[in-house]
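J.: Quick one: the structure is below, and I'll ask about it shortly.
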Amino acid sequence: MASFKPTKIQIYPKLGEKVTEDTLYWKNYKPAVQIKEFGAVTKIDFSPLPPHNYAVTASTRIHVYGPHSQEPIRSFTRFRDTAYGGSFRGDGKLLVAGSEEGLLRLFDISGRVALRQFTGHSKAVHTTSFLSDGFRVMSGSDDLSCRVWDVASAVELSSFTEHTDYIRAAAPSKLNPDLFFTGSYDHTVKVFDVRSGSSVMTMQHGHPVECVLLYPSEALLVSTGGRYVKIWDLLKGGEQLVSLKNHHKTVTCACLSSTGNKLLTGSLDRHVKVYNSSYKVVHNFDCAASILSLAIAPDDEVVAVGMTNGVLSVRHRKHKEEKETITGRRRRGPAYRVFVKGKNFVPKQDDFLVSKPVKLHLQKYDKQLKSFEVSKALDTALQTWTRTHKPEVTVAVIMELNRRGTLKNALAGRNEESLTKILSFLLKHITDPRFSRPLLTVGDLVLDLYQQVIPQSPVVERLMQRLLDLLGREAELQQELLQVLGILDTLFASLTLRKEVTTLAAPPVAQGSQLQAA
């Protein structure tokens, strides 16, 4: 009897992501360094000037880290309750922060005691920022007001009460020191002018606004809230340019890189997405918990992410020197000749050869196929990790069962749970050209076997209806593609005939030569 042959897994061409300069640039970061904070990290802000230290606001304190330090180089703990919105001034020497108690505090980076304390808000102050002149501070609060303060005298200069819900986001204009932008849970983004004392522009985001961000040219504004990231054209009076919906949960934060002004967004779905200039996702950073804050250093050397579990995730860019060092370390291992020694040895004529049997290691589904346990083999191939990450293995087992003529037996006698797995796999992969032929056979067999009992299970009936709708749409699409193919064939045929006619046509005879011939 011939030895058992393992199931042959076909290697299909994988349509991977298109490798561009953007994808290569954003993949060039080291694995994240995890720093544990004392509470949820609600705000991260980088100093605009070298060495680009960054302030991390978490719980009742603000920590200032160096670009490569894992321990804080400065801590501000003069808060009785939760601190919010720690932001640097343009020169990186002053830091302002709000708090749950409704106070703003101004700190000198080289000291520990608050230089100024601004009182006036009646509820928590969640967002603070310096105006571009550096002598005034703006704040947004849960008391529905945003206010402007004088740094030197700690006096309130102006107050705006046009929002009707909590104000959780703000961004000052760097070109005009009298303009700043605010986002509120009343679903609006407003532009305030300090000189006029009122808002000069309002944009409807449609969801509670978590973050607002200005492009350096200040012609475009980004607002995030709900699952949406929206881009507004300020030169056209706040007209919406783009609405992005790439996240699965609320988008809580956004920032811009210095290289090409690439947009980065963070969400409660634990993903940081990087967009190119045409707002297509070019890279994705995965995190361990929901993301509350995100910032990138002005030189793109550090990406810092704050999460709900109190962990600060910091990624540093790789450099050529480090790559060469790693490559040099890898080359210190055994030489290649050590592993191939004796591999190409040719025995002499009088040598006696002792053959060593090669032990065949079988996968679990192959062992079950060898024991003719066809249902168990199909169950093994339909396990969650296999059908999600290696669908070609599942399809190979199905093809092997079909070749043996036992596919119908493997599909028969199943309960609602196992039948749901099969139908879900069909829904995901039946329109894939690589798998469509064997999976259509599976669909036919499932329909023949369970046609009478499908109405007894609402879940199976719903999945079967989705499968039928999907196949109907796919058939319509194939029909349209065939029509397009027929049109293209007709066009190509007509072009070919014209070329042949042009080539075979005789050149016209000159009138003078005709007269001479006559």
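The values are calculated or read from the model by the stated rules, or taken from the named source; none is laboratory data. Just so you know, these numbers come straight off a predicted model, no measurement behind them. Cβ sites come from the backbone with ideal geometry, for glycine too, and all protein chains shown count toward neighbours. Keep in mind that these areas ignore ligands, DNA and RNA; they rest on the heavy atoms of the full protein, side chains included. Shrake-Rupley method; radii C 1.70, N 1.55, O 1.52, S 1.80 Å.
J.: Scan region 287-310 and report the pairs whose first residue is touching a residue at least 24 places away in the same chain (Cβ under 8 Å) and outside any loop (DSSP other than H, G, I, E, B) and whose second residue is surrounded by fewer than 22 Cβ atoms within 10 Å (Cβ to Cβ) and among the acidic types (Asp, Glu), with Cβ atoms within less than 8 Å and a gap of 6+ or a chain change.
T.: Gly306/Glu37
J.: Another question about this same structure. Regarding region 456-476, can at least one residue be identified that is under 27 Å from Val397 (Cβ atoms) and part of a loop (DSSP other than H, G, I, E, B)?
T.: yes
J.: Which of the residues spanning region 23-59 are open to solvent by 40 Å² or more (accessible area, probe 1.4 Å), at pLDDT below 90 and touching a strand residue (DSSP E or B) at 6+ places or on another chain (Cβ under 6 Å)?
T.: Lys30, Phe38, listed by residue number.
J.: Do any strands (runs of 3 or more DSSP E) entirely within region 67-139 hold 2 or more residues that are among the hydrophobic types (A, V, I, L, M, F, W, C) and under 34 Å from the mean Cα position of the chain (by Cα), and if so, which?
T.: Numbers: elements: 74-76, 83-88, 94-99, 104-108, 114-118, 125-130.
By residue number, 83-88, 94-99, 125-130.
J.: Filtering region 370-413 down to residues that are part of a helix (DSSP H, G or I) and free of Cβ contacts under 8 Å to residues at least 12 places away in the same chain, which residue is most open to solvent (accessible area, probe 1.4 Å)? Break it down stepwise before answering.
T.: Narrowing region 370-413 to residues part of a helix (DSSP H, G or I): 370, 374-381, 384-389, 391-404, 407-411.
After this cut, where a residue has to be free of Cβ contacts under 8 Å to residues at least 12 places away in the same chain as well, the list is 376, 384-386, 388-389, 403.
Working: Lys376: 114, Thr384: 88, Trp385: 150, Thr386: 26, Thr388: 66, His389: 110, Arg403: 170 Å².
Filtering first and then ranking leaves Arg403.
J.: What are the residue pairs meeting all of these: first residue in region 342-366, first residue open to solvent by 100 Å² or more (accessible area, probe 1.4 Å) and at pLDDT below 80, second residue among the small types (Gly, Ala, Ser) and part of a loop (DSSP other than H, G, I, E, B), Cβ atoms under 9 Å, and 6 or more apart or on different chains?
T.: Taking only residues 6 or more apart or on different chains, the pairs are Leu360/Ser3.
J.: Is it the case that some residue within region 445-454 is farther than 25 Å from Gln10 by Cα, of a type in the set (Phe, Trp, Tyr) and at pLDDT below 90?
T.: Filtering region 445-454 down to residues farther than 25 Å from Gln10 by Cα leaves 447-454.
So of that shortlist, the ones also of a type in the set (Phe, Trp, Tyr) come out as 450.
From what is left, the residues that are at pLDDT below 90 are none.
No, that holds for no residue.
J.: Which numbered condition trips up Thr128, out of (1) open to solvent by 50 Å² or more (accessible area, probe 1.4 Å); (2) β-branched (Val, Ile, Thr); (3) under 26 Å from Ser223 (Cα atoms)?
T.: So Thr128 meets the others, but not (1).
J.: Out of (1) surrounded by fewer than 23 Cβ atoms within 10 Å (Cβ to Cβ); (2) modelled with pLDDT of 95 or more; (3) assigned to a strand (DSSP E or B), what's the single condition that is false for Ser199?
T.: Of everything listed in (1) surrounded by fewer than 23 Cβ atoms within 10 Å (Cβ to Cβ); (2) modelled with pLDDT of 95 or more; (3) assigned to a strand (DSSP E or B), Ser199 misses just condition (2).
J.: Would a scan of region 179-194 turn up a residue that is closer than 28 Å to Ile296 by Cα, part of a loop (DSSP other than H, G, I, E, B) and either open to solvent by less than 10 Å² (accessible area, probe 1.4 Å) or not basic (Lys, Arg) (or both)?
T.: The first filter runs over region 179-194 and keeps only residues closer than 28 Å to Ile296 by Cα, leaving 179-185, 187-192.
Going one step further and asking which of them are part of a loop (DSSP other than H, G, I, E, B), we end up with 185, 187.
Keeping just the survivors that are either open to solvent by less than 10 Å² (accessible area, probe 1.4 Å) or not basic (Lys, Arg) (or both) gives 185, 187.
Yes - at least one qualifying residue is present in region 179-194.
J.: Now a separate question. Which residues, counting only those in region 21-66, are closer than 30 Å to Lys174 by Cβ and charged (D, E, K, R)?
T.: Within region 21-66, Glu21, Asp22, Glu37, Lys43, Asp45, Arg61 meet the criteria.
J.: Can you name the number of the only condition in (1) at pLDDT 95 or above; (2) part of a loop (DSSP other than H, G, I, E, B) that Tyr279 fails?
T.: Tyr279 satisfies all of (1) at pLDDT 95 or above; (2) part of a loop (DSSP other than H, G, I, E, B) except (1).
J.: Does Gln34 qualify as being of a type in the set (S, T, N, Q) and assigned to a loop (DSSP other than H, G, I, E, B)?
T.: On the way: of a type in the set (S, T, N, Q): yes; assigned to a loop (DSSP other than H, G, I, E, B): no.
Answer is no for this residue.
J.: Residue check: is Leu214 farther than 20 Å from Met307 by Cβ, open to solvent by 10 Å² or more (accessible area, probe 1.4 Å) and without any contact (Cβ under 8 Å) to a residue 40 or more places away in the chain?
T.: Values: farther than 20 Å from Met307 by Cβ: yes; open to solvent by 10 Å² or more (accessible area, probe 1.4 Å): yes; without any contact (Cβ under 8 Å) to a residue 40 or more places away in the chain: no.
Spelling it out, it is not the case that Leu214 is farther than 20 Å from Met307 by Cβ, open to solvent by 10 Å² or more (accessible area, probe 1.4 Å) and without any contact (Cβ under 8 Å) to a residue 40 or more places away in the chain.
J.: Within the group Leu264, Leu221, which residue is under 12 Å from the mean Cα position of the chain (by Cα) and in a strand (DSSP E or B)?
T.: Working: Leu221 fails: under 12 Å from the mean Cα position of the chain (by Cα).
One residue alone meets the criteria, Leu264.
J.: A further question follows. Cβ-Cβ distance below 6 Å, separation of 6 or more or different chains: which pairs start in region 449-472 with a residue that is within 17 Å of Phe425 (Cα to Cα) and end on one that is at pLDDT below 90 and open to solvent by less than 60 Å² (accessible area, probe 1.4 Å)?
T.: Pairs found: Val460/Ile454; Glu461/Ile454; Met464/Ile454.
J.: On to the next question. Quick check, is Gly85 open to solvent by 30 Å² or more (accessible area, probe 1.4 Å) and within 27 Å of Arg147 (Cβ to Cβ)? Give the derivation first.
T.: Values: open to solvent by 30 Å² or more (accessible area, probe 1.4 Å): no; within 27 Å of Arg147 (Cβ to Cβ): yes.
The answer is no for Gly85.
J.: Where the second residue is in a helix (DSSP H, G or I) and the first is at negative phi and lies in region 474-489, which pairs have Cβ atoms under 9 Å and are six or more apart or on separate chains?
T.: Hits for this filter: Glu474/Ser436.
J.: Next up: Return the total of residues in region 67-94 being free of Cβ contacts under 8 Å to residues at least 24 places away in the same chain and under 25 Å from Lys174 (Cα atoms).
T.: 1
J.: Still on this model: Looking at region 257-273 only, could you name the residues that are crowded, with 21+ Cβ neighbours inside 10 Å and farther than 17 Å from Ser217 by Cα?
T.: If the condition is that a residue be crowded, with 21+ Cβ neighbours inside 10 Å and farther than 17 Å from Ser217 by Cα, then Leu264, Thr265, Gly266, Ser267, Val272, Lys273 are the ones that fit.
J.: In region 428-436, is there at least one residue being closer than 30 Å to Phe4 by Cα, in contact with a Phe, Trp or Tyr (Cβ under 8 Å, 6 or more places away or on another chain) and buried (at least 20 other Cβ atoms within 10 Å of the Cβ)?
T.: No - not one qualifying residue is present in region 428-436.
J.: So, of the residues in region 150-178 that are in a strand (DSSP E or B), open to solvent by 40 Å² or more (accessible area, probe 1.4 Å) and of a type outside the set (Gly, Ala, Ser), which turns out to be nearest to Leu103 (Cα to Cα)?
T.: Looking only at region 150-178, we keep the residues that are in a strand (DSSP E or B), and these are 150, 156-160, 167-172.
Narrowing the set further to residues that are open to solvent by 40 Å² or more (accessible area, probe 1.4 Å) leaves 156-157, 159, 168.
When the remaining residues are screened for being of a type outside the set (Gly, Ala, Ser), the result is 156-157, 168.
Details: Glu156: 12, Leu157: 16, Arg168: 15 Å.
Filtering region 150-178 for residues that are in a strand (DSSP E or B), open to solvent by 40 Å² or more (accessible area, probe 1.4 Å) and of a type outside the set (Gly, Ala, Ser), the one nearest to Leu103 (Cα to Cα) comes out as Glu156.
J.: Any idea which of (1) open to solvent by less than 90 Å² (accessible area, probe 1.4 Å); (2) on the phi < 0 side of the Ramachandran plot; (3) not acidic (Asp, Glu) is the one Gln70 doesn't satisfy?
T.: (1)
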